[in-house]
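Below is one structure, written out as structure tokens; the observations come after it.
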Amino acid sequence: MDGVSWARLEAEIARRGGARFWWRDDDAAAPSPALERLLAFEVPISLAVVPDAAVPELFSNLGNHVSVLQHGTDHRNRAAPGEKKTEFPAAEADAQALERLAAARRRLSKLAGDRALPVLVPPWNRIREELAGKLSSAGFTGLSRDGKAKPVAGLKQINTHIDIVAWHEGRRFIGEEQALSAALELMDLTQPLGWLTHHAVHDEAAWRFLEKLARLKGVRWESGAELFSYTAAGHG
Ligand SMILES: [Zn+2]
């Protein structure tokens, strides 16, 4: 009954006089057919790039609708036994983590230029709160995790709310019904509704869903630059 669900979401958006959405796609490092397919969408995309894995070619063909966010440093799981997957384990000193992050930020800025925003997307949406509180000292002004994350003083945090991949069910698409009902439930958010995608693992159903989502009437898609109130430093 997908027609009914899309129509219902569209009607709800119309009733509210419009909706604000944003789109974060994670794990970019190199060009690929899947990335090309993602970037062909004509809505603003906030691309979370893994700095240490990124190749220069990734940035040669990005349209103006793409903002680049920093996806950790190397996306390596450093969790100790018993700890959840994380790039930032409890055993690592804050100063060391901040140093890694700052070096990765310099690398990403060099590769992506003005398109790179000083916004951290921690891999697995996970970073220790104490370390998050120190990110501004490493030059970050923004943070993006999942919708339940706590605010962090000194950082603008814009989170994602609907992950369209069912990671524990063969990485299939979560399904239209689940995605649309989640969107309907989240219509009262004060922040823009954040869609989280991972272009490298999408099945055809995920892509077809995104094609319909991008055409949904009444939606204002916000760019990373707008969301994080980032103003590029003057040239010269
Ligand atoms: Zn990731």
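Each Lys and Arg Cβ is given +1 and each Asp and Glu Cβ -1; about its Cα centre, the chain then shows a dipole of about 460 debye.
Judged by the ratio a/c of the largest to the smallest principal axis of the C-alpha gyration tensor, the chain counts as prolate, that ratio being 1.5 or greater while a/b is larger than b/c. Computed from Cα atoms, the angle from the helix 176-185 axis to the main principal axis of the chain rounds to 80 degrees.
For the chain, the mean residue ellipticity at 222 nm estimated from helices alone is -8500 deg cm²/dmol, where every DSSP H run of n ≥ 4 contributes -39500 (n - 2.57) and the total is divided by all residues, rounded to the nearest 500. Within a straight-line Cα-Cα reach of under 27 Å, Lys110 can be paired with the following lysines, leaving aside sequence neighbours fewer than 8 residues apart in one chain: Lys134, Lys156.
Multiplying each eigenvalue of the alpha-carbon gyration tensor of the stretch 15-84 by 5 and taking the square root yields semi-axes of 26, 20, 9 Å, largest first, rounded to whole angstroms. Take Glu130: with every protein chain present and a 1.4 Å probe, its accessible area is about 120 Å². Taking Cα atoms only, the orientation of helix 204-214 departs from the longest principal axis of the chain by about 80 degrees.
The values are calculated or read from the model by the stated rules, or taken from the named source; none is laboratory data. The structure displayed is predicted, hence computed values, not measured ones. Glycine gets a Cβ as well: all are built from the backbone with ideal geometry, and neighbour counts include every protein chain shown. Areas reflect the complete protein model, heavy atoms only, side chains present, ligands, DNA and RNA absent. Shrake-Rupley method; radii C 1.70, N 1.55, O 1.52, S 1.80 Å.
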